[in-house]
Amino acid sequence: MKALTFSSFGNSDVLEYIEIPNPQLKNDEILVEMKAIGLNFADVYRRKGNYHLKGNPPFIAGYEGAGIVVDANNHPEYKIGDRVAFADVPFANAELVAVNINHVLPLPKEISFETAASVLLQGLTAHYLATDSHKTAKDETVLIHAVAGGVGQILTQISKLLGAQVIGLTSSAEKAKAAYEQGADHVFLYNEDWKSEIFKVVPKGVDVVYDSIGSTLTDSFKVTKECGQVVFFGMAGGDPEPVNPRMLMDTSKTLTGGDLWSYLNSKEERIKRANQLFSWIIDGKIKLSEPTSFKLSEGKLAHDYLESRKSTGKIILIP
């Protein structure tokens with residue numbers, strides 16, 4: 001089979017699209033022929049050598065995708081031709097992927113391979129952020145960093161579904177337009193005095209901030225109301241400054257960490273959360289931007305485009 005690989009760490013030049021042996025199935029795995037694969041910043045971090053990585057060189061990144069079963073490996077609940085997806089299976093940047101049966105997500109006929117590869121990691125992240133890390137309630141005001149990104153767009157829609165007002169932060173007028181199209185009530189740019197703008201909307205501060213930037217964490221607390229919460233779930237802009245526990249005590253604010261893997265902790269939990277997401281999409285309650293597609297063989301171009309931060313929405317790879 002062909003796969004997008006790297007044998008050393010570095011920029012996108014280390015990526016190679018090469019022929020490697022097919023996966024050897026373990027007893028608890030089925031073989032999936034990939035039809036669409038999600039590209040995420042975690043794949044860039046792995047390529048650079050600063051994120052957890054499984055296997056040996058040549059390394060294969062990717063954890064998200066959708067395809068059809070080509071070898072059920074004596075598991076009677078699956079048959080050849082079944083449409084399936086996954087959000088947390090390594091080595092996805094390949095034509096064939098060995099998928100642990102506890103990680104298989106049955107794909108409804110209404111959900112395309114491209115949609116599944118576009119929505120699972122980011123959609124399940126947005127789902128736990130709004131329903132677990134912070135239980136969003138009607139009439140709350142939420143602030144979403146990187147609001148035009150993949151998680152930001154879906155988190156905006158879920159927050160609106162749950163009855164919240166959404167304020168978004170992004171880097172350009174074009175991305176602000178995309179955020180408004182997803183239902184954001186107010187969008188401010190990072191190069192503006194966004195903290196002052198937020199207090200004009202909510203003088204006491206927001207109920208919760210979803211911070212995936214990291215370096216903005218101190219400012220996130222400044223715009224959070226007393227007894228409010230900051231959910232820290234990414235470091236796209238670099239490590240945050242240390243948080244002073246005394247500040248948390250004095251203002252009754254809460255800092256919560258967020259990581260999707262903590263919530264995808266059983267087969268039943270994965271399927272339940274994915275089905276909720278699929279249901280919202282099928283019912284038209286969540287609308288997805290058209291993904292930007294690259295051939296898997298064009299993985300270098302896809303990585304460069306993701307790192308350019310010009311994209312809004314999802315980038316997917318097609319084998």
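The values are calculated or read from the model by the stated rules, or taken from the named source; none is laboratory data. For clarity, every value in this text was computed on a predicted model and none was experimentally measured. Virtual Cβ from ideal backbone geometry, glycine too; neighbours counted across all protein chains shown. Side chains are part of the model used for accessible areas, which takes the heavy atoms of the whole protein and leaves out ligands, DNA and RNA. Shrake-Rupley method; radii C 1.70, N 1.55, O 1.52, S 1.80 Å.
Give me the percent of accessible area attributable to carbon and sulfur for the stretch 50-115, probe 1.4 angstrom.
Of all accessible area on the stretch 50-115, carbon and sulfur atoms account for 55 percent.
Keeping all protein chains in place, calculate the accessible area per residue for the chain (probe 1.4 angstrom), answer in Å².
Averaged over the residues of the chain, the accessible area is 44 Å².
Set Lys and Arg Cβ to +1 and Asp and Glu Cβ to -1, take the dipole of the chain about its Cα centre, and tell me which of Phe233, Tyr128, Asn22 lies farthest positive.
Tyr128
Based on DSSP H runs of at least 4 residues, each adding -39500 (n - 2.57), what is the mean residue ellipticity at 222 nm of the chain after dividing by all its residues, to the nearest 500 deg cm²/dmol?
Helix-only estimate at 222 nm: -8500 deg cm²/dmol.
Roughly how far apart, in whole Å, are the Cα centres of the stretch 240-287 and the stretch 1-52?
The two parts, judged by their Cα centres, are 26 Å apart.
What's the longest bit of the chain with no exposed chymotrypsin sites (Phe, Trp or Tyr not before Pro), using DSSP loop states and at most 16 other Cβ atoms within 10 Å as the test?
52-189
Place a +1 charge on the Cβ of each Lys and Arg in the stretch 185-319 and a -1 charge on the Cβ of each Asp and Glu, then give the dipole magnitude about the Cα centre in debye, rounded to the nearest 20.
360
Would you look at the GNM of the chain, springs on alpha carbons closer than 10 Å, and say which of Val44, Val202, Val84 moves the most?
Val202
Modelling each spin label as a point 7 Å along the Cα-to-Cβ direction, I'd like the Thr131/Asn191 distance in nm, to one decimal.
Between Thr131 and Asn191, the simple spin-label model gives 3.9 nm.
Treating the beta-carbon of each Lys and Arg as +1 and of each Asp and Glu as -1, no other charges, what is the dipole magnitude of the chain about its Cα centre, to the nearest 20 debye?
Dipole magnitude for the chain comes out near 300 debye.
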